[in-house]
Amino acid sequence: MEKMSRVTTALGNSAISGRTMFCHLDAPANAISVCRDATQVVVAGRNIFKIYALEEEQFVEKLNLRVGRKPSLNFSCADVMWHQMEENLLATAATNGAVVTWNLGKPSRNKQDQLFTEHKRTVNKVCFHPTEVYMLLSGSQDGFMKCFDLRKKESVSTFSGQSESVRDVQFSMKDYFTFAASFENGNVQLWDIRRPDRYERMFTAHTGPVFCCDWHPDDRGWLATGGRDKMVKVWDMTTNRAKEIYCVQTIASVARVKWRPERKFHLATCSMMVDHNIYVWDVRRPFIPFATFEEHKDVTTGIVWRHQHDPHFLLSGSKDSTLYQHMFKDATRPVDKANPEGLCFGLFGDLAFAAKESLISSDANRKPYPGGDRRYPIFFFKKPDPTEQFAHVSSALSVFETDLDSNRMDWFVKTAQLYLLCGKPFAELCDHNAKVAQELKRPQVSKTWTMLRIMFSDPANLTTPGLNHNLSKLGTMPLMNSFNMKEMSSGMGTESRLERSKGESRQDNIHLEPGNSHASNNNEENEETEGSEGQAEYMFCDAELDDDDLYSMENDNQAEEPEYTLPQEAFQLRHEIIDNPSAPEHLQQDKADSPHVSGNEAEVTCLTPIESFSLISISQPLFSPHLPASFFCPIVREMLTYYAEQGDVQMAVSVLIVLGDRIRKEIDDLTQEHWYMSYIDLLQRFELWNVSNEVIKLSTCSAITCLNQASTTLHINCSNCKRPMSNKGWICDRCHQCASVCAVCHHVVKGLFVWCQGCSHGGHLEHIMNWLKSSAHCPAGCGHLCEYT
Amino acid sequence: MIICTNKMEYPLRTQCQRVHKQVMVNGEKERVSLLFMKALVSRGSVDAVSQQMASHPQYLESFLRTQHYILHMDGPLPLPYRHYIAIMAAARHHCNYLVYLHSAQFLRVGGDPLWLQGLEAAPPRLRLLDHINKVLAHQPWLTACSHIQTLLKSGEQCWSLAELVQAVVILAHCHSLCSFVFGCDTDSDFVPLSKSPNGTPPSFCPFDAANGNTNVPQLLATPSEHITRRRSLDSSCDMVCLKERIQKSQEEREKREERLLQTQTLQQTDMEEEEEMIFFTDPTRFITDPDLCYQEFARREEDHFQVFRVQDYSWEDHGFSLVNRLYSDIGHLLDDRFRSVTTLPSMHSPDLKRAIWNYIHCVLGIRYDDYDYGEVNQLLAQDLKLYIKAVACFPDATKTPVCPLSLAPLKTSERIHVNLLIMEARLQAELLYALRAITQYMIA
């Protein structure tokens, strides 16, 4: 470092050295500027106008230019600039619209030299010509730029930007006649100082005000601009059209931008609001600042590199009334704290992982990723200083491929589509799902469903349709008749235990049997609580209820439970959109409850006729003692957790939904929510939107049900002119017609719109359905014979 | 076979066309009619304020967009909160019109009718907002970092920064809208019970529902309810929905109250009903300290209230960035409003506009370094100054502003333009004070 600064400062007149230091000002600073030989700095603000000498260890106040008992607004500076040719010459831009020059060589206390009051509004910026002593440029809120010859009393030329307030003006470093101006409306203009009538070139650089611009000190074509849209852009002005070559996104509006001397790609920025730090960016690495200075407690208002050939000293003034000299070596380097590891999944399940080579160097036969060791380009210095570069991290990239066949998820998709989660009595749901699982060759899941049915159904109700198909179709099912209730329940416990030990391996009934016998030996204490043995047989004996009876019973149910009599539509025609998440919960509780209720009813109706229909009955119970469903809850909970941990969250959620209130209270809400979220996520990845929606609807977690109410915006196009409709209202902006009018009721259709593909007329689904029941012709009267299927 | 649908005469279309014709004076106003149609279709009503602004379609568009955004679109605050805050703000200036309007919308979005009994019935979080509401409405220069701190202080009732910013925007918006309503005398036209002739303005009838008229729900309970609801275009339906909703929540509340106060005598219940009638009419229920009002800023200067220098904290440089960061997109919408109000085509010279703008900021304690305040006296006649000050600082529905002589010969649209300027200047002033306080809080 020491060596470096000596090398570079040799370019200047005197050697520069120093350390990070600061001094308190009396008032907030608005701008700072440094004199050519880098020994003094001027600080200007509303209530301050002082010159400080930069000494080795500290700032020393040299001169207070703010004199007089009650200084006028001419002293209230928005900007200040020290002439880079003439040591005694300063210019300030006053908030009241005056442009003032100051001559430090004056013997009197008041150093004010010239006063130009030509601007009507606040002057935002003053700028001396870099090589011409008497030429001063100003840019003001009133939209004008003025060029002053300091030997004359008034401006020599006025440039009208024709586009709102001027925020910054900068003479080009290389082109003698050119200056750039940035405007509040986002434009940047290039002017020739000799031609005040119109600009040479104009382009829109930012959305919103462009607060600042800066020419590159070495490259004639580069202009950096910073705006309220939180961007710093670097423009190449040598081409015909200004071309954006770099863009840095910062976190707050950019108030100042200054190229770093001797470093082609570095620039410093500070912000006007919220963010108090100063950042130095390498424009080629726009995502992370190269260096950060975090000393200020309020917004930084002025930054300036101390010497035009020394990149190591940065001066800054702030609203927190301090003036800082920052040493570059003391800056924080955000890149050191950045995480150089990356992880990403590919489309087909491949996993790519990039990490520092040092971390995975143990792997000997690994080759560094080609392109990882690009050389850092060197431009202005011969010996690259390691502190002047981004930390060089070479990463190794490993890609882990996955075998496509090994994790086919067909079963998942089929299961999701075929499972029934609601709309039928509990037992039927279980049986249906068991059948689905069986057909997909997942006997273990299938058994689980069957057992759930047995455990949670009331014995009498078990009966009905479930066994019909069990007996008729499945060869495995009758086997169960030989089990008694005791075995079933204890088998349940062991099965899940067994499964755990065997992992994903297939499990058949053959495995189950030794397990069962083993378990029943262990679980002898269960026997007492389980009561009579006859129960199991009793459960199956109702299977042969004859058809008439079955129907009559179902009819009873239907009368009582209108929910099942309603023909189930594929989707509800119009469901109420409810903001309050508590409402749907209530609704669903009803639904979950209802199968239970019907079960009770069934029990009452079919207890009497049992006897005559039992074919396989071995012993008829005189009373019907049965275990309360809650007895199984801990086992089921364990089972659900097991499935979820195995990765079969589908099973966990499906069971959760089907069991509903029976199990819900046993599992804590967070776990439930987690399961639901995972399952919904999976479903959506498989594009099973309907299923996922059903799951969301059936879930009882408020966090899940509210998913249905998020992002419900629908973008539509006008049916007349095919243009997109704005989000307000139902009238097209362009053709002033109401879009999508129902052909039956002649009102705007705000929900489901169904239309005939033949004549393109349509309307509310319900209306069209009703209409086409009674008439074959299109309701619009076009004469088309529409068909609704 | 396809028949072009737009050739068919549907009732809806004719209705739109009617509205279309009503407001369409000439081709230039087409824009307004479209805006109105949109408002009519989406809200079921075009409020009187929009009708007044119709003479400046360009401004109206950005005004409606902002209002729609802050009251109905994405934002940290729940919808009922937003309308309740609007009620609180409007109540500060006794603006019956806005209080009614937002009470209706408050109920429509599912707000608890109990809150409308007064500020004491509102949740404590909203009550905390009362202080900043008071200060911003009358003496915005008193807004201090400490107020923000109290609101954001962690605890059960604390506000988040984003919520607070939205609340402040709503407050400032409604305060300044009160000025406009007062300046245009909209409030006195407003009679809550009557429907305006064209059937569009506030479709809200507080008294029926407040009385708990039991005939209404029976009528609504018929199966035809579903069908009427679907036809949500005509305002009567909104009305039906609203009534129904009020009724529903009313019933719920009554049940709750019954449980709580079973011993209550019949007489007391009568009194309560009486009270409910009042709560829709009396905005003072939503405010505390009703005597607080604007005081001369100049006189306060010796009390060490620093003038607010725009050069140190301006909307363009500071306010915008902050508000946009904490409540995304609102900065652009507000920017659009400020911009369009100054660029409106008008007979007034830019100097006059600037004089009006700066004068309002001046009476609220905001100074421009680069403005010669002598110009105000040159350009604005004494009575115009009085008028501006009355509208900006004392918008009180109980009084009628005296229209200054200098404005009398002007067209209505020019008068409205002055009112728009007053409204926007006031809005910006309040926002600047509030946002500066928030900035100070963030730095501290």
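Values in this text are rule-based calculations from the coordinates and carry no lab data. The model shown is predicted, which means the values in this text are computed figures rather than measured ones. Backbone-built Cβ (ideal geometry, glycine too); neighbour counts: all protein chains shown.
Annotation for B:Glu375 and A:Gln757: the two label points, set 7 Å from Cα along the Cα-Cβ direction, are 6.8 nm apart.
Distance between the pseudo-spin-label points of A:Arg198 and A:Asn110 (7 Å out from Cα toward the beta carbon): 4.5 nm.
Would you mind getting me the FRET efficiency between A:Glu154 and A:Gln249? Use the beta-carbon distance for r and R0 = 30 Å, nearest 0.05. Walk me through the numbers before you get to the answer.
On the way: r = 43 Å, r/R0 = 1.44.
Result of the calculation: an efficiency of 0.10.
Highest average first, the peptides A:42-55, A:744-757 ordered by how many other beta carbon atoms sit within 10 Å of their residues are A:42-55, A:744-757. Averaged over the residues of A:94-105, the number of partner chain Cβ atoms lying within 10 Å of the residue Cβ comes to 2. For the pair the stretch B:340-372 and the stretch A:413-439, the centres of their Cα atoms are 72 angstrom apart.
Between A:Arg284 and A:Thr238, what FRET efficiency follows from the Cβ-Cβ distance if R0 is 25 Å, with the result rounded to 0.05?
Values: r = 19 Å, r/R0 = 0.75.
FRET efficiency, A:Arg284 to A:Thr238: 0.85.
Model label sites at A:Asp218 and A:Leu63, defined 7 Å from Cα along the beta-carbon direction, differ in position by 3.4 nm. Taking the centroid of alpha carbons for each part, the stretch A:25-49 and the stretch A:649-686 are 65 Å apart. The length gained by stretching the chain between A:Ser358 and A:Asp175 to full extension, at 0.36 nm per residue less their Cα-Cα distance, is 61.0 nm.
Each Lys or Arg adds one and each Asp or Glu takes one away; over the other residues whose Cβ falls under 11 Å from the Cβ of A:His24, this sums to -3.
What is the mean number of Cβ atoms from other protein chains located within 10 Å of the Cβ atom of each residue in peptide A:270-279, rounded to a whole number?
3
Which of rounded, prolate or oblate describes the stretch A:25-119 when judged by the alpha-carbon gyration tensor and an a/c cut-off of 1.5?
Numbers: a/c = 1.61, a/b = 1.37, b/c = 1.17.
Here the stretch A:25-119 falls in the prolate category.
Sorting A:230-237, B:149-156 by their mean Cβ neighbour count within 10 Å, with the most densely packed peptide first, gives A:230-237, B:149-156.
Hey, which of these cross-link pairs are over 21 Å Cα-Cα: A:Lys106/A:Lys153; A:Lys50/A:Lys111; A:Lys120/B:Lys389? Spell out each step's value before the answer.
Details: A:Lys106/A:Lys153 18 Å; A:Lys50/A:Lys111 12 Å; A:Lys120/B:Lys389 26 Å.
In this structure, A:Lys120/B:Lys389 exceed 21 Å between Cα atoms.
With the cut-off at under 18 Å, measuring from each backbone N in the stretch B:45-82 to a point 7 Å along the Cα-to-Cβ line of B:Ser160 picks out B:70-82.
Averaged across B:311-324, how many Cβ atoms of other chains sit within 10 Å of each residue's Cβ atom?
Mean number of neighbouring Cβ atoms from other chains: 5.
Between A:Gln417 and B:Asp329, what's the calculated FRET efficiency when r is the beta-carbon distance and R0 is 60 Å? Round to 0.05. Please list the in-between numbers first.
Values: r = 41 Å, r/R0 = 0.69.
My answer for the efficiency is 0.90.
Rank-order A:669-679, A:264-274 by packing density, defined as the average count of other C-beta atoms within 10 Å over each peptide's residues, highest first.
On the way: A:669-679: 18.1, A:264-274: 22.4.
Going by the mean number of other Cβ atoms within 10 Å, highest first, we get A:264-274, A:669-679.
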